[in-house]
Amino acid sequence: MALIVQKYGGTSVATPEKVIEAARQIRAAREGGNQVVVVVSAMGGATDELLRLASEVTARPDARELDALLCTGEAASAGLLSLALNHQGVASRSFSGPEAGIRTDHRHGRATIVAVDPHRLREELAGGSIPVVAGFQGRSITTGARTTLGRGGSDTTGVALAAALGADHCEIVTDVAGVYTADPRTVVGARRHTALLYEEMAELAVSGAKVLASDSVDYARTHGVDLKVRSNSAATGPQTWVSDGRRTAGAATGQPWTPAGRSRPIAGVAGRSGLVRCVLRRITTDHVLRLLGELAERETEVELRRYGNLGTEDAGDIALTLPEDSVEDMRELLADTDHGIRLDEAHWTTNLARLCVVGLGIGRHPYAPLRLLEALRSAGAARTDLHVTSNRLSVLTGSGDLAAATQIVHDTFLSEPVTPLAHPAGPDHAGPARPLAAGPGQLRSAVPALAAAE
Ligand code: ADP
Ligand code: ASP
Ligand code: MG
């Protein structure tokens, strides 16, 4: 008998009818001979509504109380789903995150799971009942307060419980049939992967593919939890496996699994809007270090994109990218004259988005950044701060350009099934002897095609 954790997202429990359907699928999994632990999100839109209510009461909500409020969204759907299971003749009890043994650090609104004590869930399973756990929440090991895990955090609850219980896998039940090469709701021609590696999914998630919360992928990779992403409309339909590759090795893709390297296809395109760029000019190294230190201490979400001094010893420029809701923190820091940063040397650009192309080894491919920039130029999209890492290309564009830019970049890198170039020495071969030229046709085939997606 396999133990599986099934996580139902907000859209999968958005109405009473959907809750009843979720209960039916849970019952079917049990009748199929499995032990099932369920994790559930708040009913679709409920968390946003709670946030809206809070904002009507105060512009600066207390973080502890906001978490206490947000936890109620998941508590409600857990209770409702247990009621639906009971009504279908299945014994079930609901649990809050703390009751289910989820322990976190103290950071309200973005807590990290630090331990899981699943003994109450085990007792429940032993008694033949299905536990339904409210996702997205836990209890701080330092303050004892209820905490939430950040948007999309129920995915992480599901993975953490699967790890603690030694489950066969964690099923992420959502409103699409798996992980696609881009958001299938907005990008024409996006194709579903049958299998992805943790590394690929982690890059996609952090780039903005919200089908899985990025913390959940990191947790799954660290603890070796296989993820199965599938649609809430059918338990046995198409799916995507996210794993270290062993579970899906030799599966229907017909492509041998390779641990890394350039023979891996492109995993996809993802983006995130709501970003702001701040460039500080001619600030001293001391000030840069102090500023970065304070940003780190305040845990302000910020990315350092560029730092350098152009010829002068002790003055340089620094470019930071941050989400809109971190701007207040940043402005407060800069306004503090102790930092000696003159505000007229700070240049802000708002309404930005980051667009990313993800593929193992893509950053080692000389033509990939060129193709990205050419695609953006042909779409007339703004493009700055191109950043290349081994598994990802990212570039800033305008928020208003993101949709069109994503489509054209997806078309460029992923739309046409092309035959990957042969790698004479296999994936580790990094030598220069590759027959590439800069003509458009050859450029297209220079980046390996997507072979593992449908
Ligand atoms: P849930 O409520 O089940 O947690 P989410 O809304 O968090 O669902 O995530 C599912 C959504 O993720 C999809 O409806 C889809 O629009 C979006 N999405 C973004 N990028 C991708 C992608 N690469 N593959 C699949 N879905 C994606
Ligand atoms: N309800 C939370 C959110 O909307 C957590 C989740 O859905 O996983 O972000
Ligand atoms: Mg989600």
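The values are calculated or read from the model by the stated rules, or taken from the named source; none is laboratory data. Since this is a predicted model, take the numbers as computed values, not measurements. Reconstructed Cβ throughout: ideal geometry from the backbone, glycine too, with neighbour counts over all protein chains shown. We work out accessible area using only protein heavy atoms, side chains counted, and drop any ligands, DNA or RNA first. Shrake-Rupley method; radii C 1.70, N 1.55, O 1.52, S 1.80 Å.
I'm trying to understand the selection: among the residues of segment 236-246, which are in contact (Cβ under 8 Å) with a residue 24 or more places away in the chain and either open to solvent by 10 Å² or more (accessible area, probe 1.4 Å) or within 16 Å of ligand 3 (Cβ to nearest atom) (or both)? Gly237, Pro238, Gln239, Thr240, Trp241, Val242, Asp244 - these are the residues of segment 236-246 that are in contact (Cβ under 8 Å) with a residue 24 or more places away in the chain and either open to solvent by 10 Å² or more (accessible area, probe 1.4 Å) or within 16 Å of ligand 3 (Cβ to nearest atom) (or both).
Can you tell me how many residues in segment 121-138 are in contact with a strand residue (DSSP E or B) (Cβ under 7 Å, 6 or more places away or on another chain) and surrounded by fewer than 20 Cβ atoms within 10 Å (Cβ to Cβ)? Steps first, please.
The first filter runs over segment 121-138 and keeps only residues in contact with a strand residue (DSSP E or B) (Cβ under 7 Å, 6 or more places away or on another chain), leaving 121, 124-125, 129-138.
Remaining after also requiring surrounded by fewer than 20 Cβ atoms within 10 Å (Cβ to Cβ): 125, 129.
Total meeting the criteria: 2.
Once segment 136-157 is narrowed to residues that are within 15 Å of Thr72 (Cβ to Cβ) and among the hydroxyl-bearing types (Ser, Thr, Tyr), the residue that is farthest from ligand 3 (Cβ to nearest atom) is Thr147. Within segment 293-334, the residues that satisfy the criterion of being part of a helix (DSSP H, G or I), open to solvent by 80 Å² or more (accessible area, probe 1.4 Å) and acidic (Asp, Glu) are Glu297, Glu324, Asp325, Glu328, Glu332.
Rundown of residues vs (1) over 20 Å from Ser216 (Cα atoms); (2) modelled with pLDDT under 95; (3) out of contact with any Ser or Thr (no Cβ under 8 Å at 6 or more places or on another chain); (4) hydroxyl-bearing (Ser, Thr, Tyr), yes/no style:
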residue: Lys7; (1), (2), (3), (4): no, no, no, no
residue: Leu53; (1), (2), (3), (4): yes, no, yes, no
residue: Arg60; (1), (2), (3), (4): yes, yes, yes, no
residue: Asp67; (1), (2), (3), (4): no, no, no, no
residue: Ala76; (1), (2), (3), (4): yes, no, yes, no
residue: Leu85; (1), (2), (3), (4): yes, no, no, no
residue: Ala91; (1), (2), (3), (4): yes, no, no, no
residue: Glu124; (1), (2), (3), (4): yes, no, yes, no
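Scanning segment 141-155 for residues that are open to solvent by less than 10 Å² (accessible area, probe 1.4 Å) and near ligand 2 (Cβ under 8 Å from one of its atoms) gives Thr148, Gly153, Ser154, Asp155. Taking each residue of segment 368-389 that is open to solvent by 70 Å² or more (accessible area, probe 1.4 Å) and looking for partners that are in a helix (DSSP H, G or I) and of a type in the set (A, V, I, L, M) with beta-carbon atoms closer than 6 Å, six or more apart or interchain, yields Arg383/Leu376. If you check Val159 against the conditions, is it open to solvent by 20 Å² or more (accessible area, probe 1.4 Å) and within 16 Å of ligand 2 (Cβ to nearest atom)? Spelling it out, it is not the case that Val159 is open to solvent by 20 Å² or more (accessible area, probe 1.4 Å) and within 16 Å of ligand 2 (Cβ to nearest atom). Thr148 meets the stated requirement of being within 16 Å of ligand 1 (Cβ to nearest atom) and over 20 Å from Leu197 (Cα atoms). Which of the residues spanning segment 14-48 are near ligand 2 (Cβ under 10 Å from one of its atoms) and of a type in the set (A, V, I, L, M)? Those that are near ligand 2 (Cβ under 10 Å from one of its atoms) and of a type in the set (A, V, I, L, M): Val39, Val40, Ala42, Met43, Ala46. Of everything in segment 173-192 that is over 22 Å from Asp226 (Cβ atoms) and under 15 Å from the mean Cα position of the chain (by Cα), the residue that is nearest to ligand 1 (Cβ to nearest atom) is Asp183.
Would a scan of segment 91-101 turn up a residue that is among the hydroxyl-bearing types (Ser, Thr, Tyr), away from ligand 3 (no atom under 16 Å from the Cβ) and part of a strand (DSSP E or B)?
Initially, segment 91-101 is screened for residues among the hydroxyl-bearing types (Ser, Thr, Tyr), giving 92, 94, 96.
Next, only the ones that are away from ligand 3 (no atom under 16 Å from the Cβ) stay: 92, 94, 96.
So of that shortlist, the ones also part of a strand (DSSP E or B) come out as 92, 94.
Within segment 91-101, one or more residues are among the hydroxyl-bearing types (Ser, Thr, Tyr), away from ligand 3 (no atom under 16 Å from the Cβ) and part of a strand (DSSP E or B).
Quickly run through segment 47-78 and pick out the residues that are open to solvent by less than 30 Å² (accessible area, probe 1.4 Å) and in contact (Cβ under 8 Å) with a residue 24 or more places away in the chain. Selection gives Thr47, Asp67, Ala68, Leu70, Cys71, Gly73, Glu74, Ser77, Ala78.
Looking at segment 56-69, is at least one residue more than 16 Å from ligand 2 (Cβ to nearest atom), among the hydroxyl-bearing types (Ser, Thr, Tyr) and within 17 Å of Val132 (Cα to Cα)? Checked segment 56-69: no residue is more than 16 Å from ligand 2 (Cβ to nearest atom), among the hydroxyl-bearing types (Ser, Thr, Tyr) and within 17 Å of Val132 (Cα to Cα). The residue list Ala162, Ala115, Ala177 contains one member that is modelled with pLDDT of 95 or more and over 20 Å from Gln239 (Cβ atoms), which is Ala115.
Within segment 23-36, the set of residues being in contact with a helix residue (DSSP H, G or I) (Cβ under 6 Å, 6 or more places away or on another chain) and either surrounded by 24 or more Cβ atoms within 10 Å (Cβ to Cβ) or at pLDDT below 95 (or both) comprises Ala23, Val36.
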